[in-house]
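Q: I'd like to ask you about the structure that follows.
The values are calculated or read from the model by the stated rules, or taken from the named source; none is laboratory data. Everything quoted here is computed from the prediction, not taken from an experiment. All Cβ positions, glycine included, derive from the backbone under ideal geometry; neighbour counts span all protein chains shown.
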Amino acid sequence: MRLVLIADTHLPKRAKVLPAPLWSDIEAADVVVHAGDWVDVALLDELTARAQQVIGVVGNNDGPQLRARLPEVAIADLRGVRIAVVHETGPAKGREVRMDEAFAGQADVVVFGHSHIPWDTTTPGGLRLLNPGSPTDRRRQPACTHMTATIADGRLHAVRLVRLPQRRTVRRTQDPRPQAGQRSQEP
C-alpha cells in the first residue's frame, strides 16, 4: 500500500495549486493523509476526486466548511498499521512523551502538521511521529516538502521526505521609462 503524507497546504493563500510532482505522487498512491490547514474546501473536493482514499483532519486555519466535514483527530487501520492524524502536537520539546500519552494503545504512527517543519522520530514507547512539512510554504526550511511511505506486512516502510522543486516566480520586466529624478538613457 502506497501512502502520501501532506499537511499545511494553505491553498489558495500560499499557492494557487499543489505542485505537479505532488499530484503525481497522489495519483499513484493508495491513501493520501492530510494533517490539516487545507484553508479552502476546494482542495478537499479535488483531493477526494483524484485520490483513491483520503484521510484528513482540520487545522487551526480551516474554516467552518472544512470543520463540518473533517474531524480534529482521525485514526485509521491501514493493513494492520494504526495511523493517527492530528494537526497540532504542541512544542517540539516534550512531543514524544505527549504523543505516547495521547495515543497509547491507539496508534502505531502519528502524522501531524502545523509547524511546516519535517519531522521523523520514534518515541520511547515505539510510536512513529511524522510531519511531512508543507508542499506550498517552506517557511524557514530549505524546500517545500511532503512524504511518501509504504505499508506491507503490517509495518510502515520506506518513509521518504520528498523535497519539491522551487516554484518559479514570474519577475516583472523593468519599466523602460525613467523614474522621477532619473535621466533617460537615450542619447
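Q: For residue 93, work out the one condition from (1) touching a strand residue (DSSP E or B) at 6+ places or on another chain (Cβ under 8 Å); (2) over 26 Å from residue 27 (Cα atoms) it doesn't fulfil.
A: (1)
Q: When you check residue 143 against the structure, is it surrounded by 12 or more Cβ atoms within 10 Å (Cβ to Cβ), more than 12 Å from residue 5 (Cα to Cα) and under 19 Å from the mean Cα position of the chain (by Cα), yes or no? Lay out the reasoning, then the answer.
A: Details: surrounded by 12 or more Cβ atoms within 10 Å (Cβ to Cβ): yes; more than 12 Å from residue 5 (Cα to Cα): yes; under 19 Å from the mean Cα position of the chain (by Cα): yes.
Against the criterion (surrounded by 12 or more Cβ atoms within 10 Å (Cβ to Cβ), more than 12 Å from residue 5 (Cα to Cα) and under 19 Å from the mean Cα position of the chain (by Cα)), residue 143 qualifies.
Q: So, one more: Among the residues of segment 165-185, is there at least one that is modelled with pLDDT of 85 or more and in contact with a His (Cβ under 8 Å, 6 or more places away or on another chain)?
A: The answer is no; no qualifying residue exists.
Q: Which ones in segment 7-48 are over 21 Å from residue 63 (Cα atoms), free of Cβ contacts under 8 Å to residues at least 40 places away in the same chain and surrounded by fewer than 18 Cβ atoms within 10 Å (Cβ to Cβ)?
A: 20, 23, 24, 27, 28, 30
Q: Could you look through segment 98-133, keep only residues that are in a helix (DSSP H, G or I) and in contact (Cβ under 8 Å) with a residue 24 or more places away in the chain, and pick out the one that is farthest from residue 73 (Cα to Cα)?
A: Ranking the candidates gives 100 first.
Q: Does any residue of segment 108-126 turn out to be surrounded by fewer than 15 Cβ atoms within 10 Å (Cβ to Cβ), under 20 Å from residue 25 (Cα atoms) and either at pLDDT 95 or above or among the hydroxyl-bearing types (Ser, Thr, Tyr) (or both)?
A: Yes, there is a match, as at least one residue in segment 108-126 is surrounded by fewer than 15 Cβ atoms within 10 Å (Cβ to Cβ), under 20 Å from residue 25 (Cα atoms) and either at pLDDT 95 or above or among the hydroxyl-bearing types (Ser, Thr, Tyr) (or both).
Q: Got a number for residues in segment 134-168 being farther than 26 Å from residue 101 by Cβ, of a type in the set (Gly, Ala, Ser) and either outside any strand (DSSP E or B) or touching a residue at least 12 places away in the same chain (Cβ under 8 Å) (or both)?
A: Number satisfying all stated conditions: 3.
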